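The values are calculated or read from the model by the stated rules, or taken from the named source; none is laboratory data. From a predicted model like this one, the values you see are computed outputs, not experimental measurements. We place every Cβ from the backbone using ideal geometry, glycine too, and count neighbours over all the protein chains shown. Keep in mind that these areas ignore ligands, DNA and RNA; they rest on the heavy atoms of the full protein, side chains included. Shrake-Rupley method; radii C 1.70, N 1.55, O 1.52, S 1.80 Å.
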Amino acid sequence: MTTPPTTPEPSVPPTTPEPSVPPTTPATDDFARTTRRLRFTALGGFVVLLGLFVFTMVLVLGDAIDGDGAAGAFTDAAIWVFRAAVAAGLVALVTPRDRMATTPRRALVIAQYALGVAGVVLQLMD
């Protein structure tokens, strides 16, 4: 029996062990921590919205007493803006972590606060 001729194997340079590199993922879940902070910020946003809404209602009543006694279009817009702010905060608060990434949740929390301030500004324009 004859053995087939063997082809020479390509020379592979010897590998040297690389120095110990720490893992790139942290030991704690940073995404969960960020989501929890954003949820607490959204929850605090409801308290801020309540204060801004009460201030807006004081402005509405002041306008009714000192002004012409009728609410204008900006008052209606201010009330609707507060409803949108509550909806944005509610979505940011209750959406599960695996359904929403951090960036849209952060945008909703920012929108919650911005819409609350916009509601007061709209009432001041009336």
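Remark: the range 108-121, residue by residue, has Karplus-estimated 3J(HN,Hα) of 5, 5, 4, 5, 4, 5, 5, 5, x, 5, 5, x, 5, 5 Hz, where x stands for each Gly or Pro and the curve is 6.51 cos²θ - 1.76 cosθ + 1.60 at θ = phi - 60°. The solvent-accessible area of ILE65, taken with every protein chain present and a 1.4 Å probe, is close to 140 Å².
Take the Cβ-Cβ distance between ARG33 and ARG99 as r, set R0 to 25 Å, and report the resulting FRET efficiency rounded to the nearest 0.05.
The calculated FRET efficiency here is 0.90.
Other residues whose C-beta falls under 14 angstrom from the C-beta of THR56 contribute a net charge of -2, scoring Lys and Arg +1 and Asp and Glu -1. Per-residue surface analysis assigns THR95 an accessible area of about 30 Å², computed on protein heavy atoms at 1.4 Å probe radius.
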